[in-house]
Amino acid sequence: MKHSSMSGLILWAISLLLTTFTIASSSSDGPFYDSTAYTECRAEPEKPLYNGGILKDKEPSVSGTDTLRSAGSRYTPAYILHNLTQNTIYCFSIWVKIEAGAASARVRARLRTDNATLNCVGSVSTKHGCWSFLKGGFLLDSPSQLSILFFETSSYDGKIQLGVASASLESFTQEQWKKSQDYFINTARKRAVTIHVARENGESVEGAVVRVEQISKDFPIGSAISKTILTNIPYQEWFVKRFDATVFENELKWYATEPDQGRLNYTFADQMMNFVRGNRIIARGHNIFWEDPRYTPAWVRNLTGDDLRSAVNRRIRSLMTRYRGEFVHWDVSNEMLHYDFYESRLGKNASYAFFEAAREIDPLATLFLNDFNVVETCSDERSTVDEYIARVRELQRYDGGGLRMDGVGLEGHFTTPNVALMRANLDKLARLELPIWLTEIDISSSLDHRTQANYLEQVLREGFSHPWVKGIMLWTALHPSGCYQMCLTDDKFQNLPAGDVVDKKLIEWTTGEVNAATDDHGSFSFLGFLGEYRVGIMYEGKTVNSSFSLSRDPQTKHVRLQI
């Protein structure tokens, strides 16, 4: 085949790929996922997503309320659903407002099927007199001929009356869901490239051999490590072969670096940082303060007032001065949605002061909140997506001055992932316009290895395909006794099923080595994942090497080389 024909086919393939994904929403083989989300309370509801989908023109019903009453729920008008199918992903959204009974409340959408009850398929914090947007979804393990979608409010002594509007329920087959994911991957994680080769006089060179290799990725995927890696050479080799990012599992936490007052010990953290530096790995700093008193040093728990304030000031300055410029992120306040050890003792401004001090000491680090059960579930009322958003915005406008928040940290300790809910909550968090990281991903050890692997692949695809997710960290530090919940390898460094999934994705989401020849225009084109590349060209015994970067941009990247 002639070079010009080959190049034409490549360009045609790129064009066809992009066109296919662009028209996916209007194709005849099903719906395309709608990422629209709202986080502000509004005077009027917006139109329903998908034009209502299954619920188009369907009014809520009170049928089945006797059944609901037996569960002790504070129910509201319900939607009766017929013939829900197995392994179908259902995306649900609705606008909700309190009409009477309370000034504000949390509202959970629940689903009762023929043989199961899903306690939460979406949630929202809502207020009296204005409309709030609830977005979620579900997937059923078995078909259901008759189901009831209803709402439950947070505890309240009186009767809360809810108004609902613009309800929507849309179904996706697994293939349709994957098509939507692939569209987002190809538009958010890739970019078209054209390599041009010319002689010194500007004449195009046909037949130059082009070799392109991706040498680093724009999207980090990493794993936690612990001090056990320091003396385990096979573990080090296994890790470095795969990962370009890491986080220290426990070695930076206050209880590890200062177990007794005034007795600082950074030995293991220093050695782990040497490992990171030596292998050109980026690292997240986890964590400066942990609001859970169980993981606060015992001597700190006994402090109050100025003594506690002095201790926390010494902690943040000692830690961040020592590692200034070393960690790309810092989890400044860990799990503050669930716990309030410091704020309960030092006041609501304590967290603001932590961020302010961290910014002053290491202005180049990205500062994060970090918490669990934000995307894993909506049943935990302390860490709903709305609570997370409200906390960020509270810190941003504190005391009129405002705090520059940098990142959204989501731990992601899953049992059974609800991919529709996960994506819906990511859509809402994206409204903060801050980079989102999945910081501690694992799957519960209550499941067998094969199930862990299947669920892990679902979570990784959801994270990688969401445009506002900027990195994924696995919580899989290996110890002699195993891992926190999920291991990727056994103690002989043979992959477990979850490790095979990770290896597969690391390959799938990296541009493989590209070898081709320029066409009669002296050009060669391909679609590559974002990141750094090496390029070499060979022609008539001459060799030229160069490099280029692919960053997110809808325009084709043009790389011009001379030989």
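The values are calculated or read from the model by the stated rules, or taken from the named source; none is laboratory data. Everything numeric here is computed off the predicted structure, so don't read it as measured data. As a convention, Cβ positions derive from the backbone with ideal geometry for all residues, glycine included, and neighbour counts pool all protein chains shown. These area figures cover heavy atoms from the full protein model, side chains too; ligands, DNA and RNA do not enter into them. Shrake-Rupley method; radii C 1.70, N 1.55, O 1.52, S 1.80 Å.
Give the range 434-458 a look and list any residue that's more than 28 Å from Ser171 (Cα to Cα), under 15 Å from the mean Cα position of the chain (by Cα) and not aliphatic (A, V, I, L, M), or say none. Break it down stepwise before answering.
Taking the range 434-458 as the starting set, the residues that turn out to be more than 28 Å from Ser171 (Cα to Cα) are 434-435, 439-440, 445-446, 448-449.
Those left that are additionally under 15 Å from the mean Cα position of the chain (by Cα): 434-435, 439-440.
Within the range 434-458, Pro435, Thr439, Glu440 meet the criteria.
Mind telling me which of the residues Arg534, Arg431, Arg450 ends up being under 21 Å from Tyr33 (Cβ atoms) and not β-branched (Val, Ile, Thr)? Walk me through how you get there before you give the answer.
Working: Arg534 fails: under 21 Å from Tyr33 (Cβ atoms); Arg450 fails: under 21 Å from Tyr33 (Cβ atoms).
Going through Arg534, Arg431, Arg450 in turn, the sole match is Arg431.
Have a look at Leu561, Leu530, Leu550 and point out the one that is of a type outside the set (D, E, K, R), touching a residue at least 40 places away in the same chain (Cβ under 8 Å), in contact with a Gly (Cβ under 7 Å, 6 or more places away or on another chain) and surrounded by 14 or more Cβ atoms within 10 Å (Cβ to Cβ). Steps first, please.
Values: Leu561 fails: in contact with a Gly (Cβ under 7 Å, 6 or more places away or on another chain); Leu530 fails: in contact with a Gly (Cβ under 7 Å, 6 or more places away or on another chain).
From the options Leu561, Leu530, Leu550, the qualifying one is Leu550.
Have a look at Thr543, Thr510 and point out the one that is open to solvent by 20 Å² or more (accessible area, probe 1.4 Å) and not in a strand (DSSP E or B). Break it down into steps so the answer makes sense when it comes.
Working: Thr543 fails: not in a strand (DSSP E or B).
Unique residue meeting the criteria: Thr510.
Please enumerate the residues belonging to the range 159-191 that are in contact with a Pro (Cβ under 9 Å, 6 or more places away or on another chain) and either outside any strand (DSSP E or B) or aliphatic (A, V, I, L, M) (or both).
Hits for the range 159-191 are Leu162, Val164, Ala165, Ala167, Gln176, Ser180, Phe184, Thr187, Ala188, Arg189.
If you take the residues in the range 385-443 that are small (Gly, Ala, Ser) and open to solvent by 10 Å² or more (accessible area, probe 1.4 Å), which one is nearest to Pro467 (Cα to Cα)? Please lay out each step first, then the result.
Step one: filter the range 385-443 for residues small (Gly, Ala, Ser), giving 390, 400-402, 407, 409, 412, 420, 424, 430.
Those left that are additionally open to solvent by 10 Å² or more (accessible area, probe 1.4 Å): 390, 400-402, 430.
On the way: Ala390: 22, Gly400: 31, Gly401: 30, Gly402: 26, Ala430: 9 Å.
Out of the qualifying residues, it is Ala430.
Mind listing whichever residues of the range 477-491 are touching a helix residue (DSSP H, G or I) at 6+ places or on another chain (Cβ under 8 Å), open to solvent by 10 Å² or more (accessible area, probe 1.4 Å) and in a loop (DSSP other than H, G, I, E, B)? Full working, then the answer.
Here is the first cut: in the range 477-491, the ones touching a helix residue (DSSP H, G or I) at 6+ places or on another chain (Cβ under 8 Å) are 477-480, 486-489.
The next check asks that each one be open to solvent by 10 Å² or more (accessible area, probe 1.4 Å); those that pass are 478-480, 487.
Those that are touching a helix residue (DSSP H, G or I) at 6+ places or on another chain (Cβ under 8 Å), open to solvent by 10 Å² or more (accessible area, probe 1.4 Å) and in a loop (DSSP other than H, G, I, E, B): Leu478, Pro480, Cys487.
Could you please give the count of residues in the range 20-59 that are of a type in the set (S, T, N, Q) and modelled with pLDDT under 95? Let's see the steps before the verdict.
Going residue by residue through the range 20-59, those that are of a type in the set (S, T, N, Q) are 20, 22, 25-28, 35-36, 39, 51.
When the remaining residues are screened for being modelled with pLDDT under 95, the result is 20, 22, 25-28.
Looking only at that region, the number is 6.
Need pairs with beta-carbon distance below 6 Å; first residue within 22 Å of Thr257 (Cα to Cα) and within the range 217-239, second part of a strand (DSSP E or B); sequence gap 6+ or separate chains.
Ser223/Leu474; Ala224/Val247; Ile225/Thr246; Thr228/His479
Mind checking which pairs have a first residue in the range 82-94 that is free of Cβ contacts under 8 Å to residues at least 60 places away in the same chain and a second that is part of a loop (DSSP other than H, G, I, E, B), Cβ under 8 Å, 6 or more apart or different chains?
Gln86/Leu140; Gln86/Asp141; Gln86/Ser142; Gln86/Pro143
Looking at the range 60-67, can you tell me whether even one residue there is in contact with a strand residue (DSSP E or B) (Cβ under 7 Å, 6 or more places away or on another chain), open to solvent by 50 Å² or more (accessible area, probe 1.4 Å) and at pLDDT 95 or above?
no
Within the range 289-309, count every residue that is among the polar types (S, T, N, Q), in contact (Cβ under 8 Å) with a residue 12 or more places away in the chain and open to solvent by 10 Å² or more (accessible area, probe 1.4 Å).
Within the range 289-309, residues that are among the polar types (S, T, N, Q), in contact (Cβ under 8 Å) with a residue 12 or more places away in the chain and open to solvent by 10 Å² or more (accessible area, probe 1.4 Å) number 1.
Taking Gly463, is it surrounded by fewer than 14 Cβ atoms within 10 Å (Cβ to Cβ) and either under 15 Å from Lys190 (Cα atoms) or under 17 Å from the mean Cα position of the chain (by Cα) (or both)?
On the way: surrounded by fewer than 14 Cβ atoms within 10 Å (Cβ to Cβ): no; either under 15 Å from Lys190 (Cα atoms) or under 17 Å from the mean Cα position of the chain (by Cα) (or both): yes.
In short, no.
Looking only at the range 88-124, how many residues end up being under 12 Å from Thr153 (Cβ atoms), at pLDDT 95 or above and among the small types (Gly, Ala, Ser)?
Matching residues across the range 88-124 total 2.
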